[in-house]
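Undergrad: Can you keep this structure in mind? I'll have questions shortly.
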Amino acid sequence: MRLRTLLTALLALLLAACGADEPLRIAFIGGLSERTNDTGESGRNALILAIEQRNAAGGINSRPLELVVGDDGQDPDTARKAMSELLAAKPEVVVGPYTSSMAAAVLPLADSAGVVLLSPVITALDFAGKDDMLIRLNRTTRDNARDYARVLLARGQKRLAVAYDVRNRAFTESWLAELAAAYEGQGGELVARVEFTSAANTPFGEVAERLQAPSPDGILFIAAAVDVARLAQQVRKLSADTPLSAVEWASTEQLLELGGRAVEGMLLAQSHNREDTSPRFVAFRDAFRARFQREPGYSAIATYDAAIVLFNALAKRGRGQPLKQAILDNAPYPGLQHEIRFDRFGDSYRDIFFAEIRDGRFELVR
């Protein structure tokens, strides 16, 4: 990080010497080096693409954008260290993080520095309705859990077993609590709640046995894609036909790559419509594919939306106006698939789309 900061400073000096306007520094923080790094990498790539496109169009008010990247490692101490180094670079904003546990670790630092933390995806209810430096572009765990309860109960899954990863406890326990309230309120029952800690040596076979023990009507995983893939494989050794579902955190291409046939038929919600054929979305998708040779997952789309919000607010910000106020004052924003609005706390909302995995791809449930 120190070397990157030094190189960034040298680049700024070179630009100044050439008569260029001083860059606007944009920071990113997300998980890039641990086993659930797919959402962080996808988000970083979308931000890279957005910055490249904006710079090619002349930057913001003739000032180029410059990206500084931090890796939170999905570890609170690592996240705080990375955040401190990013803040030392004096960025306009920090885009991220991508899990609620990391938001809990770094938000106090953003609040103290008075720097906006613009998170594309976090949903834990603890972060909603707070007057702080956090701007969220996603709905809450309560919204998502209620929709899952409605859909799963309509599919006859009245007795549900749940596995959840406590490594991202701020998200998973919030999600589970909201699900339990919604399920019981609609006549369902959670017959097993099995916690585990995501790691390479997690005994997923034992977790699967505990989930299957009460003979549930369905099993739900509150975890990232890499763990959901392994859990599904273990459950399928015990049962070939128990319906499986997973929360939106797992809804990435990594799940398809790692899960194989074990995840066929799995139900998940996504925060975007993968089958959108609108010219704007198709242009983004094609540009992302060409730049990174991958499909853009939900964190890429949400991050590109965050960049739309950020760039518009920076362009329209009044002299001396705090960035958070500029973001709130200039809403709504034209997101890739929906209009982005914020309440007075900087909380947003977006629709979700349920999909099933069929033949190795996500297909919308009609």
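The values are calculated or read from the model by the stated rules, or taken from the named source; none is laboratory data. Treat the numbers as computed from the prediction; the structure is a model and nothing was measured. As a convention, Cβ positions derive from the backbone with ideal geometry for all residues, glycine included, and neighbour counts pool all protein chains shown. Accessible surface areas use protein heavy atoms only, side chains included; no ligands, DNA or RNA. Shrake-Rupley method; radii C 1.70, N 1.55, O 1.52, S 1.80 Å.
Undergrad: Counting only residues that are over 25 Å from E41 (Cβ atoms) and of a type in the set (G, A, S), which one in segment 229-259 is least open to solvent (accessible area, probe 1.4 Å)?
TA: Result: S239.
Undergrad: Another question, then. Select from segment 285-304 the residues that are at pLDDT 95 or above, among the aromatic types (F, W, Y) and open to solvent by 10 Å² or more (accessible area, probe 1.4 Å) and write down the one among them that is farthest from D347 (Cα to Cα).
TA: Of everything passing the filter in segment 285-304, F292 is farthest from D347 (Cα to Cα).
Undergrad: While we're looking at this one, here's another question. What's the number of the only condition in (1) under 15 Å from A307 (Cβ atoms); (2) open to solvent by 10 Å² or more (accessible area, probe 1.4 Å); (3) in contact with a Phe, Trp or Tyr (Cβ under 8 Å, 6 or more places away or on another chain) that G96 fails to meet?
TA: It fails just one condition, (2).
Undergrad: Related question: Does segment 216-226 contain any residue that is within 25 Å of the chain's Cα centre (by Cα) and loosely packed, with under 14 Cβ neighbours inside 10 Å?
TA: Checking segment 216-226: not a single residue is within 25 Å of the chain's Cα centre (by Cα) and loosely packed, with under 14 Cβ neighbours inside 10 Å.
Undergrad: Let me ask you something else. Residues that are of a type in the set (D, E), modelled with pLDDT of 95 or more and touching a Pro at 6+ places or on another chain (Cβ under 9 Å), at least 1 per element: which strands (runs of 3 or more DSSP E) completely within segment 52-120 meet that?
TA: Per the criteria, 65-71.
Undergrad: Quick one: G19 ticks every box in (1) modelled with pLDDT under 95; (2) on the phi < 0 side of the Ramachandran plot; (3) not in a helix (DSSP H, G or I) except a single one, so which number is it?
TA: For G19, the failing item is (2).
Undergrad: Determine whether V282 is among the aliphatic types (A, V, I, L, M), modelled with pLDDT of 95 or more and under 20 Å from A27 (Cβ atoms).
TA: no
Undergrad: Let me confirm something: among A331, A326, A307, which residue is open to solvent by less than 30 Å² (accessible area, probe 1.4 Å) and without any contact (Cβ under 8 Å) to a residue 24 or more places away in the chain? Even if it seems obvious, please write down each step before you answer.
TA: Values: A331 fails: open to solvent by less than 30 Å² (accessible area, probe 1.4 Å); A307 fails: without any contact (Cβ under 8 Å) to a residue 24 or more places away in the chain.
Checking each option against the conditions leaves just A326.
Undergrad: Let me ask another. L267 - would you say it is touching an Asp or Glu at 6+ places or on another chain (Cβ under 6 Å), under 29 Å from A199 (Cβ atoms) and crowded, with 19+ Cβ neighbours inside 10 Å? Show your work before the answer.
TA: Numbers: touching an Asp or Glu at 6+ places or on another chain (Cβ under 6 Å): yes; under 29 Å from A199 (Cβ atoms): yes; crowded, with 19+ Cβ neighbours inside 10 Å: yes.
Yes.
Undergrad: Are there any pairs with C-beta distances below 6 angstrom linking a residue in segment 179-205 that is on the phi < 0 side of the Ramachandran plot to a residue that is in a loop (DSSP other than H, G, I, E, B) and open to solvent by 10 Å² or more (accessible area, probe 1.4 Å), with the two at least 6 apart or on different chains, and if so which?
TA: Matching pairs, first to second residue: G188/K158; V191/P214; V191/P216; A192/P214; F196/T202.
Undergrad: Okay, next question. When you scan segment 343-350, do you find a residue that is farther than 19 Å from L125 by Cβ and in contact (Cβ under 8 Å) with a residue 60 or more places away in the chain, even just one? Quick ask: steps written out before the conclusion?
TA: Applying the first criterion (farther than 19 Å from L125 by Cβ) to segment 343-350 yields none.
The answer is no, given that none of the residues of segment 343-350 is farther than 19 Å from L125 by Cβ and in contact (Cβ under 8 Å) with a residue 60 or more places away in the chain.
Undergrad: Of everything in segment 286-303 that's without any contact (Cβ under 8 Å) to a residue 40 or more places away in the chain, more than 21 Å from P334 (Cβ to Cβ) and part of a helix (DSSP H, G or I), which residue is farthest from the chain's Cα centre (by Cα)? Before the answer, list the steps.
TA: Of segment 286-303, the ones without any contact (Cβ under 8 Å) to a residue 40 or more places away in the chain are 286, 289-290, 293.
Checking which are more than 21 Å from P334 (Cβ to Cβ) leaves us with 289-290, 293.
Next, from what is left, pick out any that are part of a helix (DSSP H, G or I): 289-290.
On the way: R289: 19, A290: 22 Å.
By that ranking, first place goes to A290.
Undergrad: Would you mind stating whether G31 is at pLDDT 95 or above, open to solvent by less than 50 Å² (accessible area, probe 1.4 Å), closer than 29 Å to S100 by Cα and among the small types (G, A, S)?
TA: no
Undergrad: Any residue that is under 21 Å from R136 (Cα atoms) and either in contact with a Ser or Thr (Cβ under 8 Å, 6 or more places away or on another chain) or among the charged types (D, E, K, R) (or both) - is there at least one of those in segment 281-297?
TA: yes
Undergrad: Out of segment 344-361, which residues are surrounded by 15 or more Cβ atoms within 10 Å (Cβ to Cβ) and outside any strand (DSSP E or B)? Walk me through how you get there before you give the answer.
TA: Restricting attention to segment 344-361, the residues satisfying the condition of being surrounded by 15 or more Cβ atoms within 10 Å (Cβ to Cβ) are 345-350, 352-357.
F345, G346, D347, S348, Y349, R350, I352 - these are the residues of segment 344-361 that are surrounded by 15 or more Cβ atoms within 10 Å (Cβ to Cβ) and outside any strand (DSSP E or B).
Undergrad: Is it the case that some residue within segment 138-151 is at pLDDT 95 or above, over 29 Å from P203 (Cβ atoms) and open to solvent by less than 10 Å² (accessible area, probe 1.4 Å)?
TA: Checked segment 138-151: no residue is at pLDDT 95 or above, over 29 Å from P203 (Cβ atoms) and open to solvent by less than 10 Å² (accessible area, probe 1.4 Å).
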